[in-house]
Each structure stands twice: as C-alpha cells, then as structure tokens.
1. Give the shape of the chain as rounded, prolate or oblate, defined through the alpha-carbon gyration tensor: a ≥ b ≥ c are the square roots of its eigenvalues, a/c under 1.5 means rounded, and otherwise the shape is prolate if a/b is larger than b/c and oblate if not.
2. Measure nothing fancy, just the Cα-based angle from helix 44-53's long axis to the longest principal axis of the chain, in degrees from 0 to 90, nearest 10.
3. Treating the angle as unsigned and between 0 and 90°, give the value, to the nearest 10°, between the Cα long axis of helix 112-123 and the longest Cα principal axis of the chain.
4. If amide H atoms are built 1.01 Å from N in the plane of the peptide, which residues on other chains or at least 5 residues away come under 5 Å of the amide H of C105?
5. Hey, rough spin-label estimate for T92 and E22, points 7 angstrom out along Cα→Cβ, what's it come to in nanometres?
6. Quick check: residue separation of R64 and A120 times 0.36 nm, minus the Cα distance between them. What number comes out in nm?
7. Kindly rank 46-54, 68-76 from highest to lowest mean number of other beta carbons found within 10 Å of each residue.
8. Cα gyration tensor of region 50-110, axes a ≥ b ≥ c as square roots of the eigenvalues: rounded (a/c below 1.5), prolate (a/b > b/c) or oblate?
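The numbers here are math on the coordinates, done by the rules we state, and not lab data. Keep in mind that this is a model prediction, so the values were computed, not measured. Positions of Cβ are backbone-derived with ideal geometry, glycine not excepted, and every protein chain shown enters the neighbour counts.
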Amino acid sequence: MAPTAEAEEAQPSVLCADGSQEILEICQTILKADGYQVFTVSSGTEAMEFLQLHSVNAAVIADRMSDIDGIELAAKIKHFDKQVFVVMHCNTLSEFEKLPCVDSCISKGKGPIALRRLIASLLQK
C-alpha cells in the first residue's frame, strides 16, 4: 500500500547542509532509514533558499561551508524560524555548545548512529 499524502506530511523533516557530498549522503541514508524526510543542500545560501520555500523540523548544518560559516547560518535559520531545531555538525564542539542559535552540537567524529540518536531525541520520535 502506497503512503498517503497525509502520512508523508506527518513525517518529521530534516534539512542537512554540508559542503561534503559524502557527509550529505551519510546523513540522508541514516536519517531516511529512521523515517524522516531528508533534504540536502551543499551551501548556506542553498539552505536559506530552501527554507524560504519549505518548512522543516530540524536542520543539521556543518560548522564551515564555502559561502557561510555555521554560526551565521544557525543565526539566520533561527531568525527565519525559531521552531527549527538547529544541530551543529562539527569537528570541535567547544566553540558552538553555548550559542543561543544552536540547539545541539555533535562531532562529526561520533558517527552517523550518534546523529541518528540526537535527531530522534530532539524530535522525540
């Protein structure tokens, strides 16, 4: 039986923004396996353009991208929609842990299972 539009709308959605195609593919694979709608973009500019057209429940963003740093992107996302959970996906956590525009941080070194658990806890799925 094919899912209905209602069932698809009920799926929590996650936007992943990272300059690394490999990281995007890993995030998409692991989060889709948990039943999330996953959208990927490779820059901060693309993330903001996407959010102007679509709403999401969470955004997993890289700390550094070619066009914008993660702190600036996190602040823009929160300014645009305070309800979006912003997760900073970074190499070192210390500088991002206490920012008001970041709901949670996770080290890329922790791996995809840790990201899966974090998103589930934020969205309480």
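1. prolate
2. Taking the Cα atoms of the chain, the angle to 44-53 is about 40 degrees.
3. Orientation of helix 112-123: about 70 degrees from the principal axis.
4. Those qualifying (amide H under 5 Å, at least 5 residues apart or on another chain) are M88.
5. 2.2 nm
6. 17.8 nm
7. Answer by packing, highest mean first, reads 68-76, 46-54.
8. Here region 50-110 falls in the prolate category.
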